[in-house]
Amino acid sequence: MRAALYARVSTHDQQTLGLQTESMLAYIRDRGWNVVSQVKDIGSGAKDRPGRESLLKGVRRREIDVVVVWRLDRWGRSLPDLVVTLRDLTDLGVGFVSLTEALDLTTPTGRAMTGMLAVFAEFEREILRERVCAGIAQARKEGRRHGRPRTASLKDGEIRRLKAEGVSHSEIARRLGVGRTSVRRILAAS
């Protein structure tokens, strides 16, 4: 099998990158797989991961049969992201192995674990949705605004004054730090 390993650390000063890589290479050798790609990302899990994206492109081009990671949190940004990417890999017929959690989706037991992860991800989404709805209901009950803060409407007078001076919508938006659409909406309401 053609294996790709994926390692990630949050910052340049973390020392686990070598540990992750060595552990994954030993596992791949023990399984008798061929290493076709070693991808290393350095940066926050919430930001773009160019290495992971290039690895996924290789998966879609059918260049990789199995992806090996050191820990699940090195691969997924969140539980929903993890479930979606694991489902994508499974749909493409690509295996996934996480060493620390002993999760091996190349086996029937490992594939069953994917279903359990999906259940927990759905549960997490529902809990979050309920919290958001409760927060909105409480804000309405207390008469407080909810949602995005008002910005452009607070500059209504300045927008109208600048337009009266002949300033373009784009320039008004730039000067006041608001969107052009907001400028147009405010001027259309008068």
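Only the coordinates and a few stated rules stand behind these numbers; no lab work does. What you are looking at is a predicted structure, and each value in this text was computed from that prediction instead of being measured. For neighbour counting, all protein chains shown are included, and Cβ atoms are generated from backbone atoms with ideal geometry for every residue, glycine included.
Normalised by the number of residues in the chain, the average gap of Cα pairs under 8 Å and 6 or more apart makes the relative contact order 16 percent.
If you average the sequence gap of Cα pairs under 8 Å that are 6 or more apart and divide by the length of region 137-190, what percent do you get for the contact order? If you can, show how the numbers build up before the last one.
Details: 28 pairs, mean separation 17.1, N = 54.
Relative CO of region 137-190 lands at 32 percent.
For a footprinting-style exposure proxy, rank M1, M116 by other Cβ within 10 Å, fewest first. Intermediate results must be reported in sequence, preceding the final value.
Working: M1 14, M116 9.
The order, fewest Cβ neighbours first, is M116, M1.
Between the amide H of D41 and those of A7, R8, V9, distances stay under 5 Å, these residues lying 5 or more places away or on another chain, with hydrogens modeled in the peptide plane.
For the chain, the longest principal axis of the Cα atoms and the long axis of helix 108-141 meet at an angle of about 20 degrees.
DSSP beta bridges fully contained in the chain are about 10 percent antiparallel. Annotation: amide H of L103 within the under-5 Å range of S98, sequence separation 5 or more or interchain, hydrogens built in the peptide plane. Taking K40 as the anchor, which lysines have their alpha carbon closer than 17 Å to its alpha carbon, excluding any fewer than eight residues away along the same chain? Cα-Cα hits under 17 Å: K57.
When S170, S98 are sorted by how many other C-beta atoms sit within 10 angstrom of their C-beta, beginning with the fewest, the order is S170, S98. Placing R0 at 35 angstrom, the Cβ-Cβ distance between I42 and K163 gives a FRET efficiency of 0.15 after rounding to 0.05.
Helical content of the chain, expressed as a calculated mean residue ellipticity at 222 nm, amounts to -17500 deg cm²/dmol (DSSP H runs of 4 or more residues, -39,500 (n - 2.57) each, divided by residue number, nearest 500). Once the Cα atoms are used to define both axes, helix 50-60 deviates from the longest principal axis of the chain by about 60 degrees. Between V39, V84, V132, the GNM of the chain built on Cα springs shorter than 10 angstrom shows V132 fluctuating the most. Couplings 3J(HN,Hα) for region 146-162, derived from phi with the Karplus relation 6.51 cos²θ - 1.76 cosθ + 1.60 (θ = phi - 60°), are 9, x, 5, x, 6, 10, 5, 5, 6, 10, 3, x, 5, 4, 5, 5, 5 Hz, where x marks Gly and Pro.
Compactness check for the chain: Cα Rg over 2.2 N^0.38 Å is 1.52.
Residue exposure proxy: S23, S78, ordered by other Cβ atoms within 10 angstrom of their Cβ from fewest to most, comes out as S78, S23.
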